[in-house]
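*Asks:* This structure is in structure tokens; I'll ask about it shortly.
The values are calculated or read from the model by the stated rules, or taken from the named source; none is laboratory data. Quantities reported herein were computed from a predicted structural model and do not represent experimental measurements. Here the Cβ positions follow ideal geometry from the backbone for every residue, glycine too, while neighbour counts run over all protein chains shown.
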Amino acid sequence: MTTLTFLGAARTVTGSKYLLEHRGKRVLFDCGLFQGLKELRLRNWADFPIPAGSLDAVVLTHAHLDHVGYLPKLTAQGYRGRVFCTPGTKDLCQLVLPDAGRIQEEDARQANRHGYSKHHPALPLFAESDALRALTHLQPLGYHREIEVAPGISVEFHPAGHLLGSAFIRVLVSGGPTLLFGGDLGRYGRPVLRDPSVACRADFVLVESTYGDTDHRPDDEGEALAEIIRDTVARGGKLVIPSFAIGRVEEVLYWVRRLEEERRIPVLPVFIDSPMAAEALKYYSARVSELDPELRPSFKRVSAFATTRFHTIASTQQSKELTASRTAAIVISSSGMATGGRVLHHLEAVLPKEKNTVLFVGYQAVGTRGRKLVDGAASVRMHGHDVAVRARIAKLDSMSAHADRGEILRWLGTLASAPKRLCLVHGEPAPMDALKELIRDRLAWPVQTPEHGETIEL
Ligand code: ZN
């Protein structure tokens, strides 16, 4: 008997974990953290539902924390086997997992200092040392190379176009069904990343439904960004872009470089002020052959991402100097929702002045400073005091890394034949249910939306 148990990202978007069991062998696909609402985050603290040491292998789709962030906790609970992922995913895990450990430790320290946890002492979910130990289990495997990860269970990665190293996974079970784990699905015709690969034939398919009820806005060839840059320059101000350190930074740089080349904006100094973003950029540059062919270095330029006057900021001293400088410039810094990181110092300096612009390029969750600014707050609290907001606050919605409903259907349409069953995962109930209806209407496939903890027989 072959079964699949949904241990995360079932009727919600975070915590991706799917347990495949076949003839006594157990393979876990993705090992993500639950994020967001407290009732979800509490699941990270529960014991893993089976002894972690009884797993034969773990296989990852990509390096976002909601797909890999539970690994340190899994190894701390006794998992000793290999964790298969693409080389690009391994690169990015080396950045995000230790960073997540440091943040967990810092949060626990804060909670203990201010006594706002009911646990004494408050403990981190995992420490940086746990993350470093988890990294030693990573086993890189290139795209399109089949490997047996446990007796009778083989996997093969295919590019998913969602993040550097992102993959969907074809799983062959000897004497059993073929599965396709869709992971997070990227978009078509976007810069930086390639389009998602053609889907392979499978009996059971899992696909995400984050934007199952949405059509992304059509591409504007960078015009909204160009307008914001020209307007800020005309007012003699600075443009600060809070950005997720991995993935989004590359897309922003691509557009700025292209707008410069097409002479649609004046050439400004561009600063990356985020140590993690600078590291991630190196990995993206080193793996440019895996990215959109348009990015390959040509005789015109040496780096795929460098703008004309491009700088990365290393030390905090340099960061402080940049914060104090009044020269017109584009500053890209983290965190993307202005919840922490070096971007806070930049915001504190630019928000009170009308001539400046703050541009948000990613999703802003409820309760974050970023969301308050986007919603038009007159002031925001930072480093213990209120900062007046007089700068222009702008927002670009065009840079999502997830397929919309049309793109999900387009990808499903590349399957050579209808699967026996399609399971929708990684979505909130409303978009997931809307997508279920759409797929039934358009494709007439059997569609299921498994609940958290549900086991299905394959
Ligand atoms: Zn993702």
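*Asks:* Output the qualifying pairs, or none if there are none: Cβ atoms under 9 angstrom, residues six or more apart or on different chains, first residue in the stretch 77-88 and among the β-branched types (V, I, T), second residue modelled with pLDDT under 95.
*Replies:* Taking only residues 6 or more apart or on different chains, the pairs are T86/E290.
*Asks:* While we're on this one: Working carefully through the options S319, S315, find the one that is of a type in the set (G, A, S) and either surrounded by fewer than 16 Cβ atoms within 10 Å (Cβ to Cβ) or closer than 24 Å to I265 by Cα (or both).
*Replies:* Of the residues listed, the single one that is of a type in the set (G, A, S) and either surrounded by fewer than 16 Cβ atoms within 10 Å (Cβ to Cβ) or closer than 24 Å to I265 by Cα (or both) is S315.
*Asks:* Name every residue in the stretch 45-71 that is over 18 Å from the mean Cα position of the chain (by Cα) and closer than 20 Å to I103 by Cβ, in order of residue number.
*Replies:* W45 - this is the single residue of the stretch 45-71 that is over 18 Å from the mean Cα position of the chain (by Cα) and closer than 20 Å to I103 by Cβ.
*Asks:* So is R230 surrounded by fewer than 24 Cβ atoms within 10 Å (Cβ to Cβ), modelled with pLDDT of 95 or more and in a loop (DSSP other than H, G, I, E, B) or not?
*Replies:* no
*Asks:* Which residue, of V155, V192, V198, is out of contact with any Gly (no Cβ under 7 Å at 6 or more places or on another chain) and part of a strand (DSSP E or B)?
*Replies:* Checking each option against the conditions leaves just V155.
*Asks:* I'd like to check something: does the stretch 422-437 contain any residue that is aliphatic (A, V, I, L, M) and without any contact (Cβ under 8 Å) to a residue 60 or more places away in the chain?
*Replies:* Within the stretch 422-437, not a single residue is aliphatic (A, V, I, L, M) and without any contact (Cβ under 8 Å) to a residue 60 or more places away in the chain.
*Asks:* Tell me, please, whether a residue that is buried (at least 17 other Cβ atoms within 10 Å of the Cβ) and within 16 Å of the ligand (Cβ to nearest atom) can be found in the stretch 377-400.
*Replies:* Looking through the stretch 377-400, at least one residue is buried (at least 17 other Cβ atoms within 10 Å of the Cβ) and within 16 Å of the ligand (Cβ to nearest atom).
Yes/no matrix, rows are residues, columns are (1) within 16 Å of the ligand (Cβ to nearest atom); (2) surrounded by fewer than 15 Cβ atoms within 10 Å (Cβ to Cβ); (3) part of a loop (DSSP other than H, G, I, E, B):
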| position | (1), (2), (3) |
| --- | --- |
| E106 | no, yes, no |
| H120 | no, yes, yes |
| F126 | no, no, yes |
| D130 | no, no, no |
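*Asks:* Shifting gears a bit: Return only the number of the condition from (1) crowded, with 18+ Cβ neighbours inside 10 Å; (2) over 19 Å from A150 (Cβ atoms); (3) away from the ligand (no atom under 16 Å from the Cβ) that G189 does not satisfy.
*Replies:* Every listed condition holds for G189 apart from (1).
*Asks:* Please work out which residue is nearest to the ligand (Cβ to nearest atom), limiting yourself to the stretch 158-181 and to residues that are touching a Ser or Thr at 6+ places or on another chain (Cβ under 9 Å), without any contact (Cβ under 8 Å) to a residue 60 or more places away in the chain and part of a strand (DSSP E or B).
*Replies:* H158
*Asks:* Quick check on this structure: which one of F271, F244 is touching a residue at least 40 places away in the same chain (Cβ under 8 Å) and within 16 Å of the ligand (Cβ to nearest atom)?
*Replies:* Sole residue among the options that is touching a residue at least 40 places away in the same chain (Cβ under 8 Å) and within 16 Å of the ligand (Cβ to nearest atom): F244.
*Asks:* Something else now. Within the stretch 396-417, count every residue that is farther than 15 Å from G182 by Cα and at pLDDT 95 or above.
*Replies:* Count: 1.
*Asks:* In contact with a strand residue (DSSP E or B) (Cβ under 8 Å, 6 or more places away or on another chain), over 26 Å from Y283 (Cα atoms), outside any helix (DSSP H, G or I) and within 16 Å of the ligand (Cβ to nearest atom): does that describe Y18?
*Replies:* Spelling it out, Y18 is indeed in contact with a strand residue (DSSP E or B) (Cβ under 8 Å, 6 or more places away or on another chain), over 26 Å from Y283 (Cα atoms), outside any helix (DSSP H, G or I) and within 16 Å of the ligand (Cβ to nearest atom).
*Asks:* When only residues in the stretch 46-77 that are away from the ligand (no atom under 16 Å from the Cβ), of a type outside the set (D, E, K, R) and in a helix (DSSP H, G or I) count, which is nearest to A401 (Cα to Cα)?
*Replies:* P72
*Asks:* OK, next. Take the stretch 1-36 and flag every residue that is surrounded by fewer than 18 Cβ atoms within 10 Å (Cβ to Cβ) and under 18 Å from the mean Cα position of the chain (by Cα).
*Replies:* Scanning the stretch 1-36 gives Q35, G36.
*Asks:* Looking at the structure I just gave you, is D441 away from the ligand (no atom under 16 Å from the Cβ) and outside any loop (DSSP other than H, G, I, E, B)?
*Replies:* yes
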